[in-house]
Amino acid sequence: MHLQQNQSAGPGAEEQSSKSLKMFVEKSSSLPFGQDLPLESISGPTYLTAQTLVQQVAYTLSDKIFSYSVESFDLDVAVKAWAEQKEKNAFGYQTGVSSLEARTGAGSIALGYMFSKDFDLKKRHIPQSIIASSSTLHHLRPVLDQLALLYSVANPLIAHIAAVDYTANSSAGLVTDYVSSLTLAEDLGMGLVCSPSVFEAQHMALFATLLSSVLPTIHTYDGISVGRETARLVDTLDQARLYNSYQTVLTSVSEVDKKHSDNEGRALRLLQAFNDEFGEDYKLFDYYGHEEPESVLVVFGTVEASLSAQVANALAKDGDKLGVINVRVYRPFVEEAFREVLPKSTRNIAVLGQVKDEAAVFDTAEFSRLYSDVLAAVQFALDRNVEVTDIKYSRGQVWTPSNILDVFQQIYGEKTQSEELRSYVDILNTADVRQYTFWNLDASPAASVPVALGKLLSSDSSKNVFVRTGHDNLVRGGTVRHDIRNADYTIEAPYSIEQADVTFVGDETLLGEFDVLNSVKGDSSLIVRLPGAKDEDIEKRLSASLRKTLVSKDVELFVFDPTLSQSVTEDPSLEPLLTQLAFLKIAREDLLESGFSKLSLVNGSPETFEKLAQDLGTALREIDVPVAWATVDEDVQPPQLRPDINVNSFSAFDTIEPEPPTLRKTWTIAAKGLAFKEAYGTETVLRPDLGITTFVAHVKEHRRLTPLSYDRNIFHIEFDLGNSGLKYAIGEALGIHAENDKVEVEEFIKWYGLDPEEIVEVPSREDPNVLVNRTIYQSLVQNVDIFGRPPKRFYEALAEFADDETEKKELCALAGPEGATEFKRRAEVDTVTFADILLEYPSAHPSFHDIVRIVNPMKRREYSIASSQHVTPNSVALLIVTVNWVDPKGRDRFGQATRYLNGLKVDAPVTVSVKPSVMKLPPKTTAPIIMAGLGTGLAPFRAFVQERAYQKQQGHEIGEVLLYMGSRHQREEYLYGEEWEAYKDAGIITLLGRAFSRDQPQKIYIQDRMRETLADIRKAYLKNEGSFYLCGPTWPVPDVTEVLQEAVEVEHVIKHGKGGRKVDSRREIETLKEAQRYVLEVY
């Protein structure tokens, strides 16, 4: 963090310039409060991050540090700063810091340095350190393998590994990766130590360094949340104490170690000496929970250890006979020590073991590394039978107290001593902990305000402040969430806030992306930044579901409008300071009233805050939340919002990207590129503008399923795959790379005055460095969505080309807030296209290369596959409804992709691709499936039923198949009706619930048919552990979910009686959703 110092404006200055103000700028989330800190400041009670503590130990006790940090990870930001400041290590000289790239051959420089002819042998006893993320370990492996063989004559080597990797195979983005460290330690015989919390990070980094005197050692810790969370540590070791303790422990074991011939004995002796030095009681394996447990969970990992220990202790207080063993030292795995800490009452051991991905989780032939060690330790060594099971989870799993509780319920089931299985456990006393959540865009001027507020709150030495930050750069161009916890005592809460006392939303668009109120406390406060909002417009700007939740949770609503502050209007750079005052006004008015001296130590000045405080009454106002907001019209469907961000970055998204030009060229230049491919780097590929694997299929069948007289054209279309090599799985979607209507393209080219044969060289949408050659005609048919719906930014971009001032003003107005009503009418009523707007404003006539730049590219349209490749190996089927309407001018309008598909003749070629989907059959064929499909939402279920029929034909036992389908009329829209009836007669479909809403006076919907057969759903879904799928429009989701909740509640009453505690059916459905047994594919 860089703080700009105050500069005097001179004696004659009446007020201080904002440019001279001390402004808060966050440098890195891996540093405490994002700020640089001197090495000597790390001592005693202070605020730090685990990442900083690890770097302090490495810098203090190393000869050299070899860092392999991704630039945005900032794993080495502190050691690089200390090296630039020429700070000395504990051995009296400056530690060498080398920042290197993580690639093949990584680590070779470290090995070469230790065994070079010029190496000072007097330093042979001084450790060498590696700082890296787990994503680097596979590059380091060859060198570490060599080092293990030469270790008796090498320096001690300690690798501090942040357990973080990036995956493109899931929406998680960044994942916590312990698998790489576990695998490497086992395969190469390295030591492996894990820090279970930020409070033990320094001690474990030191112990791992000591262990490296015995064998090369990895020290790992959570690299996403705990490693970067700012927390208050009471007894932090400074450089001198680190070194003295290091030498004391080494000296105390030097003589004894000669009597130990194995690494296990040396590790035990080191830990005993370490405990003696610090007065601690660390063990290789730590036990928490009931004194006489029947079931014990074994875990490895920072968040896993912290949460499972706290949840186990909470449950044990209620008499539940369960416990947790945290593996602090995985290698060497001392089996005797494990058996010693395992309570004698244990009958069941469950191992919470991480595996690489979801495929490994469901692969019954694959086991976690930790499971193998635990099984070996107890299988033949105990005098009693103990069952050991492996509960696998992928690297993308994000742990919270709730899903840790789910794991416990999975292992001990009905053995709980409490009245019933609870659905929630609170490990925090929310009466003593104040919690604040901030949602904002990276680009917001107030994005770093929460960190500044955390710094302010930390000035109270009687409190403990915890600040965590997460970035999701795939939402709104970059979204950031900050959580602040302010407690009277030390707490461990390595998860997102679930019960916020005050929530701040810095941009109203985020209310449409995230379920912000899902993580607020009842009777809390919500502050929303709504510039220019009038009281009468508030209801329109908030969604119906959000308004309803405000009432149900009794949340106070405040609107923050910085445009109403005269100071901010004159100087927009003051908005972060005003934002801080607005938050304190609601959350900590006592700090606001006590003066601005403390706040000005962080940023700003007392005079500036005094002036801004005068505007606070205008800029911040409470909005009345009427009880009427709790009533929502039945036809209003709640949006499906994400409860939290996916942390996929540690820094804000860099939106400054050079825009590559679109070039027009002659055919001779293009011909050179085709003739001399090697010289010009040319490749001939199918649809080079697409960054995905595509195939060419041919139309095999095109069959309308609804009568010609019916107003909806729903058709079945099947493609012959030939020798394309296309493979698809059950539930996946087929991407159709549609084309614009050729007649309309020709008309546009003629009207706009373009040469259809002119060559255009355009950068590929996926890689700006790859240029593709197309004619203007090809580009308009396949690339440019010229007949698509234009967003506001198109009007704004087009205005720059308008020569007529009236047209320019109209375009600018349509792009601004004053034209919102007219823009909405054009988009939703007139359904205008890019081509329509270019025709309407003839003075705005951009060149074709500018059209390519400002008009959206065409996107593929995905449709659920309605066939199983096991049944039809050489074809793929889709179920399509054409989209068409007449606009107010009487013009026929069409959905681009469905019009294209409907116009295809048999044998016509089509460019297609495959997209994975959440719609997957359960791994076991015996697991029941309950499917609910509306209209064309039946497509994936046709594939499901075909696959179940195939499985039965292959001799597999299959579970119940319940199919609920909904449409308007049976005679016109009984889609695939004959197939469903045949499958039912064959015993594949066990229940067919048909809801034709308009075939009788009273409307019957799909949820009505489900409610009529609730007993069948309870049996298949809950008793037999089936999976539920819904495909189609979003509107029935609440009603269908309500039926499933009823099934949960009825089943609970049958099991526990009416007198027991009520079950939280909503949370149960959420649990089923996490287990992939409640799957939605709605649109």
Virtual spin-label span in nm between L150 and V632, 7 Å along Cα→Cβ: 6.5 nm
Kirkwood hydrodynamic radius of segment 44-278, from inverse mean 1/r over distinct Cα pairs, in Å: 17.9 Å
Residues of segment 433-630: accessible area per residue with a 1.4 Å probe, Å²: 37 Å²
Segment 308-363 shape via C-alpha gyration tensor axes, a/c threshold 1.5: oblate
Equivalent ellipsoid semi-axes - Cα gyration tensor, segment 433-630, angstrom: 24, 21, 16
Point-to-point label distance, Q954-Q247, nm (Cα→Cβ direction, 7 Å offset): 6.8 nm
Shape category assigned to segment 921-1082 from the gyration tensor of Cα positions, a/c cut at 1.5: oblate
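Figure the gain on full extension for R968 and S98 (residue separation times 0.36 nm, minus the Cα-Cα span) and round it to one decimal in nm.
306.3 nm
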Integer Hz, Karplus 6.51/-1.76/1.60 couplings in order for segment 823-830, x for Gly and Pro: 4, 5, 5, 4, 6, 9, 9, 6
Translational diffusion coefficient (Stokes-Einstein; Kirkwood radius from C-alpha pairs) of segment 285-412 at 10 °C, 1.306 mPa s, in µm²/s: 109 µm²/s
Angle between the chain longest axis and helix 201-211 axis [Cα atoms, degrees, rounded to 10]: 60 degrees
Other-chain or far-sequence residues with amide H under 5 Å of V520's (modelled H): A500
Per-residue ³J(HN,Hα) for segment 132-140, Karplus 6.51 cos²θ - 1.76 cosθ + 1.60, θ = phi - 60°, Hz, x for Gly and Pro: 7, 9, 5, 5, 8, 4, 5, 6, 7
Amide proton proximity set for T775, modelled H, under 5 Å, gap of 5+: V760
Simple spin-label estimate for E747 and V551 in nanometres, 7 Å along Cα-Cβ: 4.9 nm
The chain: translational diffusion in µm²/s, Stokes-Einstein, Kirkwood Rh over Cα pairs, 37 °C, 0.692 mPa s: 99 µm²/s
Residues with amide H under 5 Å from that of A738, placed H, sequence gap 5 or more: R861
Backbone HN-Hα couplings from phi across segment 861-870 [Karplus 6.51/-1.76/1.60, Hz, Gly and Pro as x]: 10, 9, 10, 4, 6, 10, 7, 10, 6, 5
Three-way shape call for segment 66-130 based on the alpha-carbon gyration tensor, with the a/c threshold at 1.5: oblate
Mean separation of Cα contacts under 8 Å, 6 or more apart, over the residue count of segment 794-924: relative contact order %: 18 percent
1.4 Å probe accessible area per residue over segment 99-258, in Å²: 36 Å²
Angle between the chain longest axis and helix 302-317 axis [Cα atoms, degrees, rounded to 10]: 80 degrees
Length-normalised contact order of the chain in % [C-alpha pairs under 8 Å, at least 6 apart]: 7 percent
Segment 285-412, accessible area per residue, ligands and nucleic acids excluded (1.4 Å, Å²): 39 Å²
Angle between the chain longest axis and helix 401-412 axis [Cα atoms, degrees, rounded to 10]: 80 degrees
For segment 597-656, projected area of the alpha-carbon convex hull averaged over all directions, nm²: 9.6 nm²
Per-peptide average of other Cβ atoms within 10 Å, ordering 941-947, 777-783, 555-561 highest first: 941-947, 777-783, 555-561
Full-stretch length increase - V829, S709 - with 0.36 nm per residue and alpha-carbon distance subtracted: 40.6 nm
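Ordered by packing density, taken as the mean number of other Cβ atoms within 10 Å over each peptide's residues, highest first, how do 195-208, 899-912 rank?
195-208, 899-912
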FRET E, pair D755, A359, Förster distance 30 Å, beta-carbon r, rounded to 0.05: 0.05
Solvent-accessible area, 1.4 Å probe, carbon plus sulfur percent, for segment 433-630: 48 percent
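The values are calculated or read from the model by the stated rules, or taken from the named source; none is laboratory data. Keep in mind it's a predicted model, so treat the numbers as computed, not measured. Every residue, glycine among them, receives a Cβ derived from its backbone with ideal geometry; neighbour counts consider all protein chains shown. With ligands, DNA and RNA removed, areas are computed over all heavy atoms of the protein, side chains included. Shrake-Rupley method; radii C 1.70, N 1.55, O 1.52, S 1.80 Å.
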